[in-house]
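Enquirer: Please find one structure pasted underneath; my questions will follow.
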Amino acid sequence: MQMVIQVLMGMCGAVGFSVLFNVRGRKLIAAGLGAALSWSVYLVLFSVHGDKILALLGASLTVAVLAEVLARVMKAPVIILLVPMLIPLIPGSDLYHMTTNLVLGNAPEFAEYLDLVIREAGVIAFAIILVTCAVQVIMKVYRHFAVKKG
């Protein structure tokens, strides 16, 4: 039951973020469902492997692929769908703990959380870049063969 509530809250947060930036209609629904999927994948991978970084990588790759596909189907910019779908994956609690330890002067704990936040942000960025580059290569190959045929 707790996982269902987490997924629903992740979806609500993404929808709220989308509304804030004037995403409307089908794109709003897609962003909300994509966010729910991203958090679901994260929870499943985290429960199986117990590693935040691996779970974030899997969830980010899933969402990046979904955003690329839906953007082409809906004829919308990828960023409109991708950013709200990634909202549940933002490492907010680790950022909070990092900042708290910095303010309190707890250098070892601050360094530990800083390392974790950098790795989490890095793996999300890596997944997005990986999928974007793969899509660009696939599209170039597709266009190359489509031109040769035609």
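Enquirer: Between a residue in segment 128-150 that is closer than 21 Å to M85 by Cα and any residue that is of a type in the set (G, A, S), which pairs come within a Cβ distance under 8 Å, given they are 6 or more apart or on different chains?
Expert: Listed by first residue and then by second, the contacts come to I128/S60; I128/A64; L130/A64; V131/A64; T132/A64.
Enquirer: Additional query: For V41, state whether it is under 11 Å from the mean Cα position of the chain (by Cα), surrounded by fewer than 19 Cβ atoms within 10 Å (Cβ to Cβ) and of a type in the set (A, V, I, L, M, F, W, C). Can you show your working first?
Expert: Numbers: under 11 Å from the mean Cα position of the chain (by Cα): yes; surrounded by fewer than 19 Cβ atoms within 10 Å (Cβ to Cβ): no; of a type in the set (A, V, I, L, M, F, W, C): yes.
It is false that V41 is under 11 Å from the mean Cα position of the chain (by Cα), surrounded by fewer than 19 Cβ atoms within 10 Å (Cβ to Cβ) and of a type in the set (A, V, I, L, M, F, W, C).
Enquirer: Quick check on segment 95-136: of everything there that is over 14 Å from V65 (Cα atoms) and among the β-branched types (V, I, T), which residue is surrounded by the fewest Cβ atoms within 10 Å (Cβ to Cβ)? Let's see the steps before the verdict.
Expert: Pass one, segment 95-136, residues over 14 Å from V65 (Cα atoms): 95-123.
Remaining after also requiring among the β-branched types (V, I, T): 99-100, 103, 117-118, 123.
Details: T99: 14, T100: 13, V103: 9, V117: 18, I118: 13, V123: 21.
Among those residues, the one meeting the criterion is V103.
Enquirer: Same structure again: Just one of G92, G50, G13 is surrounded by fewer than 22 Cβ atoms within 10 Å (Cβ to Cβ) and either more than 30 Å from F110 (Cβ to Cβ) or in contact (Cβ under 8 Å) with a residue 40 or more places away in the chain (or both); which is it?
Expert: G13
Enquirer: Hey, another quick one. Which pairs turn up if I take residues in segment 23-42 that are closer than 12 Å to P84 by Cβ and in contact (Cβ under 8 Å) with a residue 60 or more places away in the chain and look for partners that are of a type outside the set (V, I, T) and buried (at least 22 other Cβ atoms within 10 Å of the Cβ) with beta carbon separation below 7 Å, at least 6 apart in sequence or on another chain?
Expert: V23/A31; V23/P84
Enquirer: Hey, another quick one. Go through segment 103-127 and count every residue that is within 18 Å of L86 (Cα to Cα) and among the hydrophobic types (A, V, I, L, M, F, W, C).
Expert: Matching residues across segment 103-127 total 9.
No value in this document is a laboratory result; all are computed from the given coordinates. What you see is a predicted model; the values in this text were computed from it and never measured. Cβ atoms come from the backbone with ideal geometry, glycine included; neighbour counts cover every protein chain shown.
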